[in-house]
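S.K.: Okay, handing you the structure first.
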Amino acid sequence: MNILDTIIACKKTEVASRKQQTSVAELEKGKFFANETLSLKKFLLDENKTGIIAEFKRKSPSKGIINNKATVEEVTAAYAKYGASGISVLTDEEFFGGTLLDLLAATINDVPLLRKDFMIDEYQLLEAKAFGAEVILLIAACLTPAAVKQMAATAKSIGLEVLLEIHNDEELRHICDEVDLVGVNNRNLKTFEVSIQTSLDLINKIPKDKIAIAESGISDVDTIVTLRNAGFKGFLIGENFMKQPDPSVAFADFVNQLKAK
């Protein structure tokens, strides 16, 4: 099995266990469930912001521990302060060292929150809403086009926006009306190799009514300029900030460099 297959097999077991621990009725009683959500689409189109969706993650299967000292509260507050258009929080525990409590901790910020995880069951959408997410990620490599359409419709029905992640031509067929944003992952989830050429190759094939987001492999402001000129409105960056001794300072410095461009 490749890395993605291993993660999905583990995720199925994990979700089944969580369903036994917390009922749907309990999730629906969560304080965030009835709240109106902020729109990542609007934030990405706001010219006063950076277009960056800044990510909090502790580790990854390919890099191991990235940062296990920085706190969610400190880092995400800096992301919000210095103009992040969105904040992505990894909630996968086994492979990325995150939890839903990290998502909850990030709700202190007035910035749209993306639950970053491997979503395979509609139960996870309810969890996302209950713990304060405003956007959820659906990964085409994990789901059929029919499953994307169904899960996206469910997400929309509870007030969540939907980011669909693709990484090749074949996955373009997963794009549907229910999807709000389309992300191109420059990291191949099966091999974890990274190339921004993936984004450049796919941008003109993404429907114009979908906001395009480039994900992974973005480590300098020149890359953002290149991707923006190609048509991308959003840029999901995580490891580049989290691998620094102080992610808050790293993000602030990066934004200042971007403004200078």
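Readers should treat all values here as calculations from the given coordinates under stated rules, not as data from a laboratory. Small disclaimer: the values here were computed from a predicted structure and weren't measured. FYI the Cβ positions are ideal-geometry reconstructions off the backbone, even for glycines, and counts take in every protein chain you see.
S.K.: I want to check the label-to-label distance for GLN197 and LYS243. Put each point 7 Å from Cα in the C-beta direction and report it in nm to one decimal.
M.R.: 2.0 nm
S.K.: ³J(HN,Hα) across the stretch 108-116 via Karplus (A = 6.51, B = -1.76, C = 1.60, θ = phi - 60°), whole Hz, x for Gly/Pro?
M.R.: Couplings: 5, 9, 8, 9, x, 9, 9, 7, 9 Hz.
S.K.: Now for a different question. Any idea what the alpha-carbon Rg over 2.2 N^0.38 Å comes to for the stretch 198-261? Don't jump to the answer; show the numbers that get you there.
M.R.: Details: Rg = 12.7 Å, N = 64, 2.2 N^0.38 = 10.7 Å.
Cα-based Rg divided by the globular estimate yields 1.19.
S.K.: Still on this structure, please answer the following. So who's got an amide H within less than 5 Å of the one on GLY183, skipping anything under 5 residues away but keeping other chains? H placed 1.01 Å off N, in plane.
M.R.: Long-range HN contacts for GLY183: LEU164, GLU165, ILE166, ILE213.
S.K.: How long are the semi-axes of the equivalent ellipsoid of the stretch 74-215, taking √(5λ) for every eigenvalue λ of the Cα gyration tensor, in whole Å from largest down?
M.R.: Numbers: eigenvalues 107, 63, 45 Å².
Output for the stretch 74-215: semi-axes of 23, 18, 15 Å.
S.K.: Calculate one ³J(HN,Hα) per residue across the stretch 43-49 by plugging θ = phi - 60° into the Karplus curve 6.51 cos²θ - 1.76 cosθ + 1.60, and present them in order as whole Hz with x for glycine and proline.
M.R.: 5, 5, 8, 6, 5, 7, 10
S.K.: I would also like to ask the following. Starting from the Cα of LYS129, draw a straight line to each of the lysines and keep only those under 20 Å, dropping any in the same chain fewer than 8 residues away.
M.R.: LYS11, LYS12, LYS19, LYS29, LYS31, LYS41, LYS42, LYS57, LYS116, LYS149, LYS156
S.K.: Distance between Cα centroids, the stretch 218-247 to the stretch 11-68: provide it in whole Å.
M.R.: That distance is 20 Å.
S.K.: Give a quick list of GluC sites (Glu not before Pro) in the stretch 129-195 that DSSP marks as loop, anything other than H, G, I, E or B, with at most 13 other Cβ atoms within 10 Å.
M.R.: Working: sites: GLU134, GLU161, GLU165, GLU170, GLU171, GLU178, GLU193; in loops: GLU134, GLU178, GLU193.
Passing both the DSSP loop test and the Cβ count: GLU193.
S.K.: Which ³J(HN,Hα) values, rounded to whole Hz and listed in residue order, are derived for the stretch 174-181 from phi using the Karplus coefficients 6.51, -1.76 and 1.60 in 6.51 cos²θ - 1.76 cosθ + 1.60 with θ = phi - 60°, glycine and proline given as x?
M.R.: Rounded to whole hertz, the list is 7, 5, 9, 4, 6, 8, 8, 9.
S.K.: Turning to a different aspect of this structure: Take every DSSP beta bridge with both residues inside the stretch 3-260 and express the antiparallel ones as a percent of the total, to the nearest 5. Intermediate results must be reported in sequence, preceding the final value.
M.R.: Details: 3 of 33 bridges.
Around 10 percent antiparallel, to the nearest 5.
S.K.: On full extension of the chain, what length is gained from LYS12 through ILE108, given 0.36 nm per residue of separation minus the C-alpha to C-alpha distance?
M.R.: On the way: separation 96, 0.36 × 96 = 34.56 nm, distance 3.02 nm.
So the chain would gain 31.5 nm between LYS12 and ILE108.
S.K.: Which label belongs to the value computed from this structure, given these candidates for Kirkwood radius over Cα pairs in Å: (i) 19.3; (ii) 28.4; (iii) 18.2?
M.R.: Computed from these coordinates, Kirkwood radius over Cα pairs in Å corresponds to label (iii).
S.K.: Right, next: Can you pull out the GluC sites (Glu not before Pro) in the stretch 1-92 whose DSSP state is coil and whose Cβ has at most 13 other Cβ atoms within 10 Å? Show your work: numbers first, answer last.
M.R.: Numbers: sites: GLU14, GLU26, GLU28, GLU36, GLU47, GLU55, GLU73, GLU74; in loops: GLU36, GLU47.
Passing sites in the stretch 1-92 are GLU36, GLU47.
S.K.: With the contact rule set at Cα under 8 Å and sequence spacing of 6 or more, what percent relative contact order holds for the stretch 3-260?
M.R.: On the way: 496 pairs, mean separation 48.9, N = 258.
Dividing the mean separation by the residue count of the stretch 3-260 yields 19 percent.
S.K.: Can you tell me the length gained on complete extension of the stretch LYS261 to VAL24, counting 0.36 nm per residue apart and subtracting the Cα distance? Write down the numbers at each step before the final one.
M.R.: Details: separation 237, 0.36 × 237 = 85.32 nm, distance 4.76 nm.
Between LYS261 and VAL24, full extension yields an extra 80.6 nm.
S.K.: By how many nm would the segment from GLU74 to MET1 grow when fully extended, if each residue of separation counts as 0.36 nm and the alpha-carbon distance is taken off? Don't skip to the end; give the middle numbers.
M.R.: On the way: separation 73, 0.36 × 73 = 26.28 nm, distance 3.71 nm.
Taking GLU74 through MET1 to full extension adds about 22.6 nm, to one decimal.
S.K.: Same structure, new question: Identify all lysines with a Cα-Cα distance to LYS63 below 17 Å; exclude those on the same chain that are fewer than 8 residues away in sequence.
M.R.: LYS190, LYS243
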